[in-house]
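What follows draws every value from the coordinates through simple rules; no lab data is involved. Treat the numbers as computed from the prediction; the structure is a model and nothing was measured. Every residue, glycine among them, receives a Cβ derived from its backbone with ideal geometry; neighbour counts consider all protein chains shown.
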Amino acid sequence: MVSQNKAGIVAATVFAGWHVVWSLLVLSGLGQIFYDFILWAHMIHLQITIGPFELVASVTLIICTAAIGYVMGFFGAWAWNRVHPSA
């Protein structure tokens, strides 16, 4: 049986952690370079400019993605436990 709370915490950490990295890339000025590389590697041509770092936007993004990650992990574990009941 998978702990729904633990699965939620793990997913929240992964989701929020990725967005902390993104925020640090934007803060350091490397966000545009990273974004351009990802689009190039996927053979996508879009004219998008990464804006300047905003602390409130960054914190909001991290909190929202952590909450979404928790919910996804929680319900993912719930579904797993329903499909794979313990003997």
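At-a-glance table
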read-out: Ascending count of other beta-carbon atoms within 10 Å, so fewest first, for 1, 72, 43; value: 43, 1, 72
read-out: Computed over the chain, Kirkwood Rh from alpha-carbon pairs, angstrom; value: 14.8
read-out: Those residues of segment 43-87 whose amide nitrogen sits under 16 Å from the label point placed on residue 34, 7 Å along Cα→Cβ; value: 49-55, 57-63, 65-66
read-out: FRET E, pair residue 63, residue 2, Förster distance 25 Å, beta-carbon r, rounded to 0.05; value: 0.50
read-out: Helix-only [θ]222 nm of the chain, DSSP H runs n ≥ 4, -39500 (n - 2.57) each, per residue, nearest 500; value: -26000 deg cm²/dmol
read-out: Of the DSSP H helices in the chain, those whose Cα atoms cover at least 27 Å axially and whose Kyte score averages 1.0 or more; value: 4-28, 55-83
